[in-house]
Amino acid sequence: MSLEASDDVLLRESFERLQADFDQFSTYFYEALFRRAPELRPMFRDDLAGQGMKFITTLREVILSTKDATSEEERLAQLGSYHATLGVTAKSFAPMEEALIDTLKHTLGDAFTPELEAVWRKAYGEMSARMIRKGGIS
């Protein structure tokens, strides 16, 4: 990701704080997503705790491995291709972003400042744009 060094630090530090509330974070994320886009629910397995673990693991992998650009690009291409096979479309990424931001606000509370929100939105925007492009998502 093309984040400034200070943005990268904020992103990583806030993500590490989420680790303590992993179960709550992942469950809340999917609840927030399905409130916004109930049509996406059939794409996910019934076990949302397990699904949440996949989501957090993938998010961690993308956020914490931003130092190796080639590896990151390959991983985003794989993620994009996989999501395309599930029927994910480019428009599916907007409610996911809002669910992520809502979940971060809920989990981090006052620590989720406007500056931190901007960093997360930038990171998510860059990541999702590359997944869409590299994964052939339409």
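Every number in this text was worked out from the coordinates using simple rules, so none of it is lab data. The model shown is predicted, which means the values in this text are computed figures rather than measured ones. Here the Cβ positions follow ideal geometry from the backbone for every residue, glycine too, while neighbour counts run over all protein chains shown.
Some notes on this structure:
- Taking every C-alpha pair closer than 8 Å and separated by at least 6 residues, the mean separation divided by the residue count of the chain gives a relative contact order of 39 percent.
- Of 72, 39, 16, the one that fluctuates the most in a GNM where the chain has Cα springs shorter than 10 Å: 39
- For the stretch 5-135, average projected area of the Cα convex hull in nm²: 7.4 nm²
- Between 76, 100, 59, the GNM of the chain built on Cα springs shorter than 10 angstrom shows 59 fluctuating the most.
- Lys, Arg +1 and Asp, Glu -1 on Cβ, resulting dipole of the chain about Cα centre, debye, nearest 20: 500 debye
- Here's the picture: charge each Lys and Arg Cβ at +1 and each Asp and Glu Cβ at -1 in the chain, and of 82, 26, 57 the one pushed furthest to the positive end of that dipole is 82.
- FRET efficiency, residue 23 to residue 81 (Cβ-Cβ, R0 35 Å, nearest 0.05): 0.75
- Per-residue extension of 0.36 nm, minus the Cα-Cα distance of residue 113 and residue 101, leaves a gain of 3.2 nm for this segment.
- Highest-MSF residue in the chain out of 58, 89, 70 [GNM, Cα springs under 10 Å]: 70
- Under 15 Å, Cβ to Cβ, from residue 95 - net charge with Lys/Arg +1 and Asp/Glu -1: 0
- Ranked by how many other beta carbons lie within 10 Å on average, peptides 123-133, 18-28 from highest: 123-133, 18-28
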